[in-house]
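Q: Can you read through this structure? Questions will come right after.
No value in this document is a laboratory result; all are computed from the given coordinates. If you're wondering where the values come from, they're calculated on a predicted model, not measured in any experiment. Virtual Cβ from ideal backbone geometry, glycine too; neighbours counted across all protein chains shown.
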């Protein structure tokens with residue numbers, strides 16, 4: 001019998017007690033975006049510290065300019081790896097409250113179909129539920145084995161849902177204390193109810209707003225149409241030029257450093273059974289628009305993209321107005337993969353745009369953040385251990401996945417720790 005099996009048995013035996021502790025945390029209205037809930041955020045932090053101390057962690061509340069952090073440490077055997085576990089105790093606002101079927105801060109277990117139950121309540125899925133699974137796992141492991149199998153540092157923040165303004169300064173100031181061999185961030189999901197997944201790749205992000213300017217004022221299309229530059233037409237042509245007929249991005253240097261996903265990983269993704277129809281069908285589509293010849297999972301997990309998020313120009317009110325606008329704007333974002341440099345991509349995009357602006361027109365750029373992609377080695381021994389542990393716990397073996405989105409804290413850990 002493995003060391004995990006008796007721990008799982010203990011968790012099953014004490015499930016009701018674990019749920020009641022989780023419900024205690026879920027009842028706290030730790031809404032980080034609303035200053036009127038600041039006391040509740042501190043209450044949640046203090047609640048967690050008390051629970052961690054009961055397990056044997058050296059835990060404390062750490063003040064920041066915003067909501068407090070929770071930091072906790074526990075020793076492990078000599079030579080054992082040091083694990084940093086991250087979660088957040090803050091939650092999103094609950095408005096509009098009338099759309100809830102029950103009180104969002106009165107958690108309960110509900111059966112949604114035969115043999116399937118869910119926990120309802122704000123934070124049960126993001127991120128108090130995930131946070132408490134780790135706390136309860138530590139509790140059960142100590143009850144069974146008397147100690148933990150590795151050194152553990154816990155970092156719980158209270159501002160994830162409001163942009164984490166205090167996190168980077170805190171990581172930088174406490175890097176020596178928080179540094180670990182690897183970090184666990186439980187802020188993603190499972191593949192399905194029976195199949196656990198480990199996300200090993202997060203795409204990066206570059207956002208840019210561009211404004212093309214032509215005449216010094218809006219013009220009458222009858223008087224100037226055909227002679228004066230139209231910034232909407234200029235902008236539309238630029239945006240259209242960004243992709244070729246096969247869905248590839250045409251910006252020079254865009255794919256520099258981009259590596260192909262290992263064939264065995266692609267095969268494992270194919271085995272998940274996700275198709276264009278199952279992925280796009282629920283949103284009313286059926287044909288992938290990205291690079292031809294690639295699956296929807298590869299396109300969203302392992303390939304870079306250029307997307308247009310908004311476009312504004314000319315008269316957009318009711319009725320009709322025959323105007324040639326003085327300017328037109330677009331919001332463009334790039335999802336990046338490992339080894340793409342966000343600032344190089346931004347610079348390449350700006351050059352691409354400038355080269356297409358007529359001599360008597362101009363363009364302004366307004367950056368909106370940038371973060372690099374994260375990629376864990378598929379051959380990592382830590383990944384192998386995690387997959388083995390999850391595969392023992394769940395009905396189906398754990399799968400390795402990527403994420404099309406970004407979790408900024410992962411990049412911050414890589415930068416500061």
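Q: So, R0 is 51 Å and r is the distance between the beta-carbons of residue 354 and residue 50; what FRET efficiency does that work out to, to 0.05?
A: 0.35
Q: Can you tell me which of 146, 207, 76 moves the most in a GNM of the chain? Springs connect C-alpha atoms under 10 Å apart.
A: Among 146, 207, 76, the largest mean-square fluctuation in the Gaussian network model of the chain belongs to 146.
Q: Stokes-Einstein diffusion coefficient for segment 4-187 at 25 °C in a medium of 0.890 mPa s, Rh from the Kirkwood formula over Cα pairs: what value in µm²/s?
A: My calculation gives 143 µm²/s for D.
Q: Give me the angle, in degrees from 0 to 90, between the Cα long axis of helix 15-26 and the longest principal axis of the Cα atoms of the chain, rounded to the nearest 10.
A: Once rounded, the angle reads 50 degrees.
Q: If you average the C-alpha positions of segment 1-58 and of segment 333-411 separately, how far apart do those two centres end up, in angstrom?
A: 32 Å
Q: Would you mind telling me the antiparallel percentage of the DSSP bridges in segment 4-187, rounded to 5?
A: In segment 4-187, DSSP labels about 55 percent of beta bridges as antiparallel.
Q: Hey, another quick one. Based on Cα positions only, what radius of gyration and what Dmax would you give for segment 27-107, in angstroms?
A: Both quantities, over Cα of segment 27-107: 15.8, 54 Å.
Q: Hey, what did segment 283-378 get for relative contact order, percent, Cα under 8 Å, at least 6 apart?
A: This gives 24 percent for segment 283-378.
Q: Can you say what percent of the DSSP beta bridges in the chain, counting only those with both residues inside, are antiparallel? Round to 5.
A: Once the DSSP bridges in the chain are tallied, antiparallel ones form about 75 percent.
Q: Specify, per residue and in Å³, the volume enclosed by the convex hull of the alpha carbon atoms belonging to segment 159-218.
A: 237 Å³
Q: Continuing with this model, one more query. Based on the Cα coordinates of segment 298-388, what is the per residue volume of their convex hull in Å³?
A: That works out to 161 Å³ per residue.
Q: Turning to a different aspect of this structure: For segment 217-259, what is the Kirkwood hydrodynamic radius in Å, using each pair of distinct C-alpha atoms?
A: Here the Kirkwood hydrodynamic radius works out to 13.0 Å.
Q: Please work out the Kirkwood hydrodynamic radius for segment 146-256, using every pair of different C-alpha atoms, and report it in angstroms with one decimal place.
A: By the Kirkwood definition, the hydrodynamic radius is 20.8 Å.
Q: Let me ask something additional. If a paramagnetic tag sat 7 Å from the Cα of residue 172 along the Cα-Cβ line, which residues of segment 387-417 would have the backbone N under 17 Å from that point?
A: Inside the label zone: 409-417.
Q: Do the sum for the chain: with -39,500 (n - 2.57) for every DSSP H run of n ≥ 4, divided by all residues, what is the mean residue ellipticity at 222 nm, to the nearest 500 deg cm²/dmol?
A: So the helix-based figure for the chain works out to -9500 deg cm²/dmol.
Q: How large is Rg/Rh for segment 376-417, to two decimals, with Cα atoms and a Kirkwood Rh?
A: 1.05
Q: A further question follows. Please compute the Kirkwood hydrodynamic radius over segment 250-304, one decimal place, Å, based on all pairs of different Cα atoms.
A: Hydrodynamic radius (Kirkwood, Cα pairs) of segment 250-304 is 12.5 Å.
Q: List the relative contact order of segment 1-120 as a percent without decimals, with contacts defined as Cα pairs under 8 Å and 6+ residues apart.
A: 22 percent
Q: Take peptides 121-132, 380-391 and line them up by average Cβ neighbours within 10 Å, highest first, as a rough protection proxy.
A: Result, highest mean first: 121-132, 380-391.
Q: Another question, if that's okay. Taking every eigenvalue of the Cα gyration tensor of the chain, multiplying by 5 and rooting it, what semi-axes result, largest first, whole Å?
A: Semi-axes (√(5λ), whole Å): 45, 25, 22.
Q: Given a cut-off of under 8 Å on Cα pairs at least six residues apart, what relative contact order in percent is computed for the chain?
A: Dividing the mean separation by the residue count of the chain yields 20 percent.
Q: Right, another one. Could you work out how far helix 381-393 tilts from the main Cα principal axis of the chain, as a 0 to 90 degree angle to the nearest 10?
A: Around 70 degrees separate the two axes.
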